[in-house]
Amino acid sequence: MARAQTWVGVTGPELMQHCVEHYRQVVSQSRQIERIQVVVRSHRQAQAFREQVQAVELSGSGSLHIDDLLGFVGRQLRTYWGEVRAAYPQVPPLLDPQVLPKDLTQFLLARTCQSCPQHTTVFQNSGLPDYQIWDQISSAAYIAGASGLDPSEIGPRLIEAWPDPGDTAKLACFEAVSCCVQQLRQAALACGSLDFGTQIALFEQVILPLPQFWQSFDHLIVDQVEDSNGVGLHFYQLAVQRLASVRFSLTVAGGGTLTGIPDLIEDFCQTQTELVWVPPQGSLPLMQVGQRLYQQLTAAAVSSPLDLDCPALDCPGPDCPDPDCPDPEWLNSCLGKLLALSAASSEPAGDPWGSVELDWIEADTQIEAAEAMVERIHLLLDAGTDPTDIVILAPRIEPPLLQIAATHLANLPVAILSPFPALVKYPLVRALLTLLEVVHQSRIPTLSEVEVVLGSVLLLDPIRAQLLARDIYFFDRHDFNNADAVSEPERVGFVVLERYQALVDWIRTQQRDPEPSLPTLINQCAQQHLTTQLYQPQTQLLLKNLMETAQRFERALPHLSATAFVTMIQSGQTPARSLFEPDYQGYLVIATPIDYLNQELRAAHQFWFDISSGAWSRSLWRSLYNAEVLTPNWNGAVFDEPQDRQSRRRRLAKTLLNLCCHATHGIHWVRASYDLRGRDQLGDLDRLIRRALQSDRLSHALDPGA
């Protein structure tokens, strides 16, 4: 058996099963569990892998080492922290490094770079609000670190790739991004709290060369390797040479992460490992639909935005004689082999298309299209389809879609898979921040802020909140008047005034505490003064996110004050996706395609909403960076409109193929002629799908119409 093998398949669950079986086999042979390292693509999948491994009693002993790549990197940094400090003397003498998640990274970046007058002037012309500036620069820092780039390389790469060399304002922004990322890395090292990009960079620079690191394990198993980054690929290349055995799993349509380099990963697996084909377990007809969509989209030599009359749409795929055709021959060959295996392994039971539903839902406006889609969903539910077997996929989760879903799907278990909104958007959070400022005596709140406190904490209506605030507010003191100073107590309510006086007494008690802890303050305030709101699920989730953010802030940035924490939340920073997410398998999910695929969910019926929108394929250029230019995938050429379009087309093709592989019974395409503002929808995805389905194999399954 080859020392390095790659299992190749179409979806994650069946590939993970092969990884788990190999893990158990290695344990039974070596009986040394701690000598096996497993790397998966996410924390959620690490938990799933661990549960599958522990479902059967293992014959070995030792600790399980099952991590996502960032978790693995963080554990190695803690193990070899002494070596890191020796390589970087500016790191303070901490026992362990602290992790800077996304929101704290953006805050440290802003705090470090806002003092530079040059940056303030340069970024004023970017058209972005401050929080988006720091969001994009922190993303660039993460991509660069994961790709093994020095911060000094970011600006020159972006400048070389930008198609307009005369755009001096944009080029100046790119140069400033390099400087900001360098400042972020220096600040992170100086306080010993490391952002994700810096962690990965230290892993490659300090830990990978250490002999003792390679002596700590013998076997490596990497699940869904296609989502790995440049530093991850470097690690795997060395692992193949140095370890006793290495196993990878590869999904042919994966690799949609921000730092992913799927083409280079596929080439590595093809040339450096033995490939083992895993028969797909999904719906063969829907996978054939995905294959046809993939071939059509990657073969189109397009102009603007998709030339559906181009003869390249009839490209034969791997047999195309055109050497410039962007169709990836190897991936098409993989698809052919996997679908042939699926057809050979399935038992004939009549026409396989008989159980597959492919249909179109069309309307003039997005709202009408959403309403028609909901009607179709109710027909499926009436026919016995479980709500959890339905998913709504949209390029953007916009309010009209959410409003229609909330109105017409109110009695169903619906979960929206989207980033947690900025905490400052919630009045209760703003009220708690105001109380923190009063307790720490850092700023005197405004009268309107006091009204928000009274309304959110004491649950007063706006009229009574205004009456009470007028009598208890001091414009020059970090304090509030006592309840007996209220001029019209009968209008406010005597029970309310008792609760108000308890809140004032609590504030004065906390002000006498020399160093009140942020999480302690938030928890005490919630337990003593939010007793009614605590029964509400949204309040519980808000408080959990706020307390978790406060705890991470104090661990990572202990030298900063509570005032800095309040400033960070008020700036609009969005917390990382909540750790308190539900199990989405028990819900009808509304999500973007990428978020849905990253959760490795599978549903019987997929609704692709608003396929006439151009948002299904957006430019890879952001205002301050381009993700592909900052990865090893970039070929050094100018990233102009044709290059951008080709890269977007390849990414969209893989996404659509991946979606088809995750459906089991039906795909329903929903289109609208006009957007919310009444403008024509100019996206061509719907016409592309119609054209793809006109092949001899698929036309009998659906009449796509004109």
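The values are calculated or read from the model by the stated rules, or taken from the named source; none is laboratory data. None of the values given here were measured: they were computed from a predicted structure. Note: ideal-geometry Cβ built from the backbone for every residue, glycine included; neighbour counts use all protein chains shown. Side chains included, ligands, DNA and RNA excluded: accessible areas come from the protein's heavy atoms. Shrake-Rupley method; radii C 1.70, N 1.55, O 1.52, S 1.80 Å.
Go through the residues of segment 488-503 one by one and say whether even a single one is of a type in the set (Gly, Ala, Ser) and either under 30 Å from residue 377 (Cβ atoms) or in contact with an Asp or Glu (Cβ under 8 Å, 6 or more places away or on another chain) (or both). Before the answer, list the steps.
As a first pass, look at segment 488-503 and keep what is of a type in the set (Gly, Ala, Ser): 493, 502.
Then keep just the ones that are either under 30 Å from residue 377 (Cβ atoms) or in contact with an Asp or Glu (Cβ under 8 Å, 6 or more places away or on another chain) (or both); that gives none.
No, every residue in segment 488-503 fails to be of a type in the set (Gly, Ala, Ser) and either under 30 Å from residue 377 (Cβ atoms) or in contact with an Asp or Glu (Cβ under 8 Å, 6 or more places away or on another chain) (or both).
Considering every residue within segment 46-61, establish whether at least one is open to solvent by less than 50 Å² (accessible area, probe 1.4 Å), free of Cβ contacts under 8 Å to residues at least 60 places away in the same chain and not hydrophobic (A, V, I, L, M, F, W, C). Looking through segment 46-61, at least one residue is open to solvent by less than 50 Å² (accessible area, probe 1.4 Å), free of Cβ contacts under 8 Å to residues at least 60 places away in the same chain and not hydrophobic (A, V, I, L, M, F, W, C). The residue list 462, 445 contains one member that is open to solvent by 70 Å² or more (accessible area, probe 1.4 Å), under 25 Å from residue 538 (Cβ atoms) and within 45 Å of the chain's Cα centre (by Cα), which is 462. Checking the condition open to solvent by 20 Å² or more (accessible area, probe 1.4 Å) and either modelled with pLDDT under 85 or at negative phi (or both), which residue from 686, 696 passes? Of the residues listed, the single one that is open to solvent by 20 Å² or more (accessible area, probe 1.4 Å) and either modelled with pLDDT under 85 or at negative phi (or both) is 696.
Residue by residue, here is whether (1) part of a helix (DSSP H, G or I); (2) surrounded by 14 or more Cβ atoms within 10 Å (Cβ to Cβ) holds:
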{"position": "95", "(1), (2)": "no, no"}
{"position": "112", "(1), (2)": "yes, yes"}
{"position": "121", "(1), (2)": "yes, no"}
{"position": "125", "(1), (2)": "yes, no"}
{"position": "166", "(1), (2)": "no, no"}
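Evaluated against (1) more than 28 Å from the chain's Cα centre (by Cα); (2) within 30 Å of residue 30 (Cα to Cα), residue 163 falls short on exactly one condition, (2). Of the residues making up segment 517-543, those that are open to solvent by less than 50 Å² (accessible area, probe 1.4 Å) and touching a residue at least 12 places away in the same chain (Cβ under 8 Å) number 13.
Okay, residues lined up against (1) buried (at least 19 other Cβ atoms within 10 Å of the Cβ); (2) not polar (S, T, N, Q):
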| site | (1), (2) |
| --- | --- |
| 216 | no, no |
| 231 | yes, yes |
| 238 | no, yes |
| 242 | no, yes |
| 251 | yes, no |
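Do we find a residue being touching a residue at least 60 places away in the same chain (Cβ under 8 Å) and polar (S, T, N, Q) anywhere in segment 232-243? Scanning segment 232-243 turns up no residue that is touching a residue at least 60 places away in the same chain (Cβ under 8 Å) and polar (S, T, N, Q). Inside segment 5-25, residues that are out of contact with any Cys (no Cβ under 8 Å at 6 or more places or on another chain), open to solvent by less than 10 Å² (accessible area, probe 1.4 Å) and more than 14 Å from residue 52 (Cβ to Cβ) make up a count of 1. Here segment 415-439 is the region considered, the condition is being within 20 Å of the chain's Cα centre (by Cα) and of a type in the set (A, V, I, L, M), and the residue that is most open to solvent (accessible area, probe 1.4 Å) is 416.
Beta carbons closer than 8 Å, at least 6 apart along the sequence or on distinct chains, pair a first residue in segment 257-269 that is surrounded by 24 or more Cβ atoms within 10 Å (Cβ to Cβ) with a second that is among the basic types (Lys, Arg) for 262/654. For segment 647-660, the count of residues that are farther than 25 Å from residue 138 by Cα, assigned to a helix (DSSP H, G or I), without any contact (Cβ under 8 Å) to a residue 60 or more places away in the chain and open to solvent by 10 Å² or more (accessible area, probe 1.4 Å) is zero.
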